[in-house]
């Protein structure tokens, strides 16, 4: 019997703000632009929204602030801070709230002016027992990459394939920030930030916002755009601070992934296109392994030769990802938006032909919170 | 009521003693200091003196401009007793800190800042 949540909710609207470098715009102003576009996309009015799911870098009560800003009084408010995966995590709670009829129209929204406002993700509350050592966010990911290289013989060239593939996809996305050519040698020659990660292995710091609107599946059929049905979603956390991560080569995705697939009644072989939160190149490699697209330890060899690049056998991060498209601090919402865009067949030059099943995976903190979601078109419902 | 684990940990360090917790219920060692054992949930934990010996589990060189202080090491050290902690290895160049390297704990900091643990390479 199908899981009680499978296919019960659907994304009916998505919106992106202008992004990249957008000086003079606050985080809520950018969010407003994304929300306006998502509502138009869904053919809904802001007064239809009765559930708000939001976190932002700077707001004490983000869901209440978003509600106030848009002038709505939602019945359901959610603002659980899991870092960048928060928005993928919201899918689970939005689907439940919709199914239980606690609300009818759920809005997931995010905005940030991290680039123009010079806000760094390191602005989080320092972790005691880590702060004296000068660790930054990148440090955790570099430690994971170094451990993977040590344990499995993964090379910097193999890691670089992640950034190269992301750039090749970005070059087909007119909205992507970084669209110049990038090869493996370019990545290796880039400025080292935290060994073994160069600046080309690290995500952008962008201004930008995204919004996603969900309704119950039966209501989704009345909306103008082809619904993207939420088939599975599952979360897992293994630690907050990197020193407490049991095995730096295995993330919580190794457990969130199988549970999301089980809910969806699908397997990795069924997925046509993936959006994996690539805060750093090592993320994509770890998630491909943990989500079952290759065996643990074989990610490096799997990536070699453009496997996830345009023309490769597994399209990953088709918008260009956090590495080359946009990354305002918490990227998770953008994985959902690109997944939906692909399932609708609206991705233009970068469209994966006939994509029916899309995976969007969120990561938060220092590989701390992992949330996997699976979307499908009506054909796989 | 006696003070919490974090204050006790700092108090030991200030006296020049590196102490970690050991759970009386499940016998696991615990770092960082906390109120409940993360393995079994017990609050029955004692302070114990670790050997101070450990092994580098992973390591990175944080690149920094020379005029800002130059490159520095950040690593994770697995103590012989089991727990892992973030730290740095001193006395060798950051790039020469390697995974698997045996290291020994030493108390640093103090004065205006809190005390913390750094490591020296064994035999370096």
_residue A:116, sole failed condition from (1) within 14 Å of chain B (Cβ to nearest Cβ); (2) more than 30 Å from residue A:259 (Cβ to Cβ); (3) surrounded by fewer than 24 Cβ atoms within 10 Å (Cβ to Cβ)_ = (1)
*Tally the residues that are within 12 Å of chain A (Cβ to nearest Cβ) and either in a strand (DSSP E or B) or touching a residue at least 12 places away in the same chain (Cβ under 8 Å) (or both), restricting the search to the stretch B:97-124.*
15
*Quickly run through the stretch A:119-146 and pick out the residues that are away from every other protein chain (no Cβ under 14 Å) and either in contact with a helix residue (DSSP H, G or I) (Cβ under 8 Å, 6 or more places away or on another chain) or under 30 Å from residue B:9 (Cβ atoms) (or both).*
A:120, A:121, A:123, A:124, A:125
*Kindly indicate whether any position in the stretch A:358-374 is within 17 Å of residue A:182 (Cβ to Cβ) and touching a residue at least 12 places away in the same chain (Cβ under 8 Å).*
no
*assigned by TED's automatic domain parsing to the domain that holds residue A:34 and either more than 30 Å from residue A:50 (Cβ to Cβ) or not in a helix (DSSP H, G or I) (or both): does that describe residue A:129?*
no
*Can you pull out the residues in the stretch A:179-200 that are buried (at least 22 other Cβ atoms within 10 Å of the Cβ) and away from every other protein chain (no Cβ under 12 Å)?*
A:182, A:187, A:200
*Test result for residue B:33, within 18 Å of the chain's Cα centre (by Cα), within 12 Å of chain A (Cβ to nearest Cβ), over 25 Å from residue A:148 (Cβ atoms) and not in a helix (DSSP H, G or I)*: yes
*Tell me which residues, restricted to the stretch A:18-40, are crowded, with 23+ Cβ neighbours inside 10 Å and under 30 Å from residue A:379 (Cα atoms).*
A:34, A:35, A:38
*asked:* So for the stretch A:51-59 (the condition being out of contact with any helix residue (DSSP H, G or I) (no Cβ under 9 Å at 6 or more places or on another chain), surrounded by fewer than 19 Cβ atoms within 10 Å (Cβ to Cβ) and either more than 12 Å from residue A:114 (Cα to Cα) or not assigned by TED's automatic domain parsing to the domain that holds residue A:216 (or both)), does at least one residue qualify?
replied: no
*Could you look through the stretch B:76-96, keep only residues that are within 9 Å of chain A (Cβ to nearest Cβ) and free of Cβ contacts under 8 Å to residues at least 24 places away in the same chain, and pick out the one that is nearest to residue B:7 (Cα to Cα)?*
B:86
*Number of the condition not met by residue B:103 [criteria: (1) surrounded by 18 or more Cβ atoms within 10 Å (Cβ to Cβ); (2) in the same structural domain as residue B:3 (by TED's automatic domain parsing); (3) touching a strand residue (DSSP E or B) at 6+ places or on another chain (Cβ under 7 Å)]*: (2)
_Taking the conditions exactly as written (under 30 Å from residue A:43 (Cβ atoms) and free of Cβ contacts under 8 Å to residues at least 40 places away in the same chain), does residue A:189 satisfy them or not?_
no
*All positions within the stretch B:86-96 that are within 16 Å of the chain's Cα centre (by Cα) and in a loop (DSSP other than H, G, I, E, B)*: B:88
*Tell me which residues, restricted to the stretch A:236-273, are closer than 21 Å to residue A:366 by Cα, more than 14 Å from chain B (Cβ to nearest Cβ) and surrounded by 23 or more Cβ atoms within 10 Å (Cβ to Cβ).*
A:251, A:252, A:253, A:256, A:257
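Do we find that residue B:21 is without any contact (Cβ under 8 Å) to a residue 40 or more places away in the chain, surrounded by fewer than 20 Cβ atoms within 10 Å (Cβ to Cβ) and not in a loop (DSSP other than H, G, I, E, B) in this structure?
no
Among the helices (runs of 4 or more DSSP H) confined wholly to the stretch A:144-222, which include 2 or more residues that are assigned by TED's automatic domain parsing to the domain that holds residue A:322 and at pLDDT 95 or above?
In the stretch A:144-222, A:156-170, A:184-189 are the helices (runs of 4 or more DSSP H) which contain 2 or more residues that are assigned by TED's automatic domain parsing to the domain that holds residue A:322 and at pLDDT 95 or above.
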*Tell me, yes or no, whether the stretch A:125-133 has at least one residue that is modelled with pLDDT of 95 or more and in contact with a strand residue (DSSP E or B) (Cβ under 9 Å, 6 or more places away or on another chain).*
yes
_Leading residue by the ranking (nearest to the chain's Cα centre (by Cα)) among those in the stretch B:58-78 that are closer than 21 Å to residue B:107 by Cα and surrounded by fewer than 21 Cβ atoms within 10 Å (Cβ to Cβ)_ = B:78
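The values are calculated or read from the model by the stated rules, or taken from the named source; none is laboratory data. Every value quoted in this text rests on a predicted model; they were computed, and no experiment measured them. Every residue, glycine among them, receives a Cβ derived from its backbone with ideal geometry; neighbour counts consider all protein chains shown.
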